[in-house]
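Working notes, beginning with the structure itself.
Where a number appears in this text, it was derived from the coordinates with a stated rule and is not lab data. Please read these numbers as outputs of a predicted model, since none were measured by experiment. Cβ atoms come from the backbone with ideal geometry, glycine included; neighbour counts cover every protein chain shown.
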Amino acid sequence: MAKPLPLTMRWDLPEWAHGLVDPEQRFPTVEERMAVAVELSRRNMEEETGDPFGAAVFDLSTSLPLAVGVNVVVPSATVAAHGEVVALCLAGVAVGNYDLEVAVGGPVELVTSCAPCMMCQGATVGSGVSSLVIAARENDTHSLGLGGSRRPPEWVVRLQQQGIDVTEDVLRAEAVDVLREYAARGGRK
Ligand SMILES: [Zn+2]
């Protein structure tokens with residue numbers, strides 16, 4: 001008998017991510033918030049639990065975290081499990097609504113250790129966040145030979161036209177350090 005088609009799926013963050021971020025800790029500066037995403041990317045690289053990308057979602061009214069995410073594409077065998085999508089989806093679970101700003105009644109920010117791909121940009125728009133903060137640039141992954149999909153040159157402007165405030169290069173050097181070490185280890189296992 002043929003195996004039945006799958007009817008459900010799940011994404012689990014790695015064990016090391018459990019309890020990594022205190023839900024009651026405030027992260028008032030953008031550098032503090034980005035440090036969470038970069039730390040997630042570093043741990044995911046060091047523990048070999050996915051590609052070296054991390055993201056986090058914050059309620060800017062309180063500076064409290066709503067959710068974190070790392071890339072779990074390989075361990076979950078699901079192509080959509082990029083760090084940004086995982087963080088945005090878990091934030092939706094946390095607040096009970098995919099539209100995060102409607103749910104919390106104020107501004108919400110996505111911080112990501114690397115420039116989001118087109119899929120993650122779409123999820124960013126759909127999630128209703130008004131602020132996107134990026135560490136490493138697309139060219140940082142390409143110059144290290146890590147590949148990844150190409151974005152159209154005007155993607156930042158397109159997001160801004162949809163009401164999303166985009167900030168680049170926050171802790172870029174720290175995020176590139178992680179990517180450089182990942183490339184030195186030989187990339188995806
Ligand atoms: Zn992505």
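Scan the stretch 12-33 and give yes if some residue there is within 14 Å of the ligand (Cβ to nearest atom) and either of a type outside the set (Phe, Trp, Tyr) or surrounded by fewer than 24 Cβ atoms within 10 Å (Cβ to Cβ) (or both), otherwise no.
Pass one, the stretch 12-33, residues within 14 Å of the ligand (Cβ to nearest atom): none.
No: zero hits.
For the stretch 168-189, give me each residue that is loosely packed, with under 14 Cβ neighbours inside 10 Å and either within 18 Å of PRO116 (Cβ to Cβ) or among the hydrophobic types (A, V, I, L, M, F, W, C) (or both).
GLU168, ASP169, ALA173, ALA184
Taking the residues in the stretch 87-99 that are of a type in the set (Gly, Ala, Ser) and within 17 Å of MET9 (Cα to Cα) as candidates, determine which candidate is nearest to the ligand (Cβ to nearest atom). Spell out how you get there, then give the answer.
In the first step, residues of the stretch 87-99 are kept if they are of a type in the set (Gly, Ala, Ser); the result is 87, 91-92, 94, 96.
Checking which are within 17 Å of MET9 (Cα to Cα) leaves us with 87, 92.
Working: ALA87: 11, GLY92: 16 Å.
By that ranking, first place goes to ALA87.
For the stretch 17-31, which positions are among the aromatic types (Phe, Trp, Tyr) and farther than 16 Å from ALA87 by Cβ? If you could, list the steps in order and put the result at the bottom.
Here is the first cut: in the stretch 17-31, the ones among the aromatic types (Phe, Trp, Tyr) are 27.
Within the stretch 17-31, no residue meets the criteria.
In the stretch 1-31, what residues are outside any loop (DSSP other than H, G, I, E, B) and hydrophobic (A, V, I, L, M, F, W, C)?
Residues of the stretch 1-31 outside any loop (DSSP other than H, G, I, E, B): 15-17, 30-31.
Correct list: TRP16, ALA17, VAL30.
For the stretch 100-125, enumerate the residues that are more than 16 Å from the ligand (Cβ to nearest atom) and either hydrophobic (A, V, I, L, M, F, W, C) or in contact with a helix residue (DSSP H, G or I) (Cβ under 8 Å, 6 or more places away or on another chain) (or both).
Restricting attention to the stretch 100-125, the residues satisfying the condition of being more than 16 Å from the ligand (Cβ to nearest atom) are 100-109.
Matches in the stretch 100-125: LEU100, VAL102, ALA103, VAL104, PRO107, VAL108, GLU109.
In the stretch 129-174, which residues are farther than 18 Å from VAL85 by Cα, in contact (Cβ under 8 Å) with a residue 40 or more places away in the chain and among the polar types (S, T, N, Q)?
Of everything in the stretch 129-174, just one residue is farther than 18 Å from VAL85 by Cα, in contact (Cβ under 8 Å) with a residue 40 or more places away in the chain and among the polar types (S, T, N, Q), namely THR167.
When you look at GLU84, is it touching a Gly at 6+ places or on another chain (Cβ under 8 Å), of a type outside the set (A, V, I, L, M, F, W, C) and within 11 Å of the ligand (Cβ to nearest atom), yes or no?
Numbers: touching a Gly at 6+ places or on another chain (Cβ under 8 Å): yes; of a type outside the set (A, V, I, L, M, F, W, C): yes; within 11 Å of the ligand (Cβ to nearest atom): yes.
Criteria met by GLU84.
Search the stretch 87-107 for residues being out of contact with any strand residue (DSSP E or B) (no Cβ under 6 Å at 6 or more places or on another chain) and crowded, with 17+ Cβ neighbours inside 10 Å, and hand back the single one that is farthest from ALA35 (Cα to Cα).
Top of the filtered list is ALA103.
Under 7 Å between Cβ atoms, at least 6 apart or on separate chains: pull out the pairs that start in the stretch 62-89 with a residue that is free of Cβ contacts under 8 Å to residues at least 24 places away in the same chain and end on any residue that is surrounded by fewer than 24 Cβ atoms within 10 Å (Cβ to Cβ) and outside any loop (DSSP other than H, G, I, E, B).
That search, which allows pairs on different chains as well, returns VAL79/VAL73.
Step by step: first the residues of the stretch 128-140, then only those that are at negative phi and surrounded by fewer than 23 Cβ atoms within 10 Å (Cβ to Cβ), then the one that is nearest to the ligand (Cβ to nearest atom). Which residue is that? Steps first, answer last, please.
Within the stretch 128-140, the subset at negative phi is 129-140.
Add one more test, that the residue is surrounded by fewer than 23 Cβ atoms within 10 Å (Cβ to Cβ), and what stays is 130-131, 137-140.
Details: SER130: 19, SER131: 17, ARG137: 14, GLU138: 11, ASN139: 16, ASP140: 15 Å.
Filtering first and then ranking leaves GLU138.
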